[in-house]
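S.K.: What follows is a single structure, and I will ask about it in a moment.
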Amino acid sequence: MRAVLLKEFGGPLLLEEIETPAPGPGQVLVKVAASGVNPLDTKIRKGKAAHARTRLPAVLGMDLAGVVAEVGREVTGFAPGDEVYGLTGGVGDLPGSLAEYAAVDARLLARKPASLRLREAAALPLAAITS
């Protein structure tokens, strides 16, 4: 799959091919339709986010919306084809949402409201938590 990688703090973000993740227990594999870039992503990129240490290379991005491709063991409430939105990694050792697919903790996802487009839903998670 294609993903945007950060290989060095302060360096450019690079579009590269990496392995598609598999959902682990309690995770949902989401085919990402839209993701967001937040101020924390820019701080991480610069290496100035001590509270959000990231090991490189890293896939940044926290917000996402997309379609469930697969569910891992112990996941209930989601099925392939469901439109969802929520938060993924992008901090610490958790790969983020700037990729074609993301393995996401099911507890951090919700079904996308029918009144929103995927792109609109992807803009909500971190902004809503912050507000």
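The numbers here are math on the coordinates, done by the rules we state, and not lab data. Small disclaimer: the values here were computed from a predicted structure and weren't measured. In this analysis, Cβ positions are derived from the backbone assuming ideal geometry, glycine residues included, and neighbour counts consider all displayed protein chains.
S.K.: Pick out, from S35, A22, I129, the residue whose Cα sits farthest towards the positive end of the charge dipole of the chain, with +1 on the Cβ of Lys and Arg and -1 on the Cβ of Asp and Glu.
M.R.: I129
S.K.: Roughly how many debye, to the nearest 20, is the charge dipole of the chain about its Cα centre, given +1 on each Lys and Arg Cβ, -1 on each Asp and Glu Cβ, and no other charges?
M.R.: 420
S.K.: What are the GluC sites (Glu not before Pro) within the range 13-100 that DSSP puts in a loop, where the Cβ has at most 16 other Cβ atoms within 10 Å?
M.R.: In loop regions of the range 13-100 (DSSP not H, G, I, E or B), the sparsely surrounded GluC sites (Glu not before Pro) are E19, E74, E100.
S.K.: Determine the sum of side-chain charges near L98: Lys and Arg each +1, Asp and Glu each -1, restricted to other residues whose C-beta is under 13 angstrom from that of L98.
M.R.: Residues near L98 contribute -2 overall.
S.K.: If you don't mind, another one. Taking each pair of different alpha-carbon atoms in the chain once, compute 1/r for the pair, average those values, and report the inverse of that mean as the Kirkwood hydrodynamic radius in Å to one decimal.
M.R.: After inverting the pairwise mean of 1/r, the radius is 14.6 Å.
S.K.: Compute the signed sum of charges (Lys and Arg +1, Asp and Glu -1) over the other residues within less than 12 Å, Cβ to Cβ, of T54.
M.R.: +4
S.K.: In whole angstrom, how far apart do the alpha carbon centroids of the range 100-117 and the range 48-82 sit?
M.R.: 9
S.K.: What full-extension length gain, to one decimal in nm, is calculated for A52 and A22 as 0.36 nm per residue of separation minus the Cα-Cα distance?
M.R.: Between A52 and A22, full extension yields 8.4 nm more.
S.K.: Sticking with this one: Indicate the gyration tensor shape class of the range 39-83 (rounded, prolate or oblate), computed on the Cα atoms with a ≥ b ≥ c the square roots of the eigenvalues: a/c under 1.5 is rounded; otherwise a/b larger than b/c is prolate and the rest oblate.
M.R.: Prolate, since a/c reaches 1.5 and a/b exceeds b/c.
S.K.: Quick check for you: which residues of the range 85-104 have the amide N under 15 Å from the point 7 Å beyond the Cα of E120 toward its beta carbon?
M.R.: 85
S.K.: Please state the shape class of the range 79-131: rounded when a/c is under 1.5, otherwise prolate if a/b exceeds b/c and oblate if not, all from the C-alpha gyration tensor.
M.R.: Here the range 79-131 falls in the oblate category.
S.K.: Counting only other residues whose beta carbon sits under 13 Å from that of A22, what net charge do I get with K and R as +1, D and E as -1?
M.R.: Overall, the nearby charge balance is -1.
S.K.: Calculate for the chain the 222 nm mean residue ellipticity that helices alone would give, adding -39,500 (n - 2.57) per DSSP H run of length 4 or more and normalising by residue count, nearest 500 deg cm²/dmol.
M.R.: It lands at -3500 deg cm²/dmol.
S.K.: Excluding same-chain pairs closer than 8 in sequence, count the lysine pairs in the chain whose Cα atoms lie under 23 Å apart.
M.R.: Value for the chain: 4.
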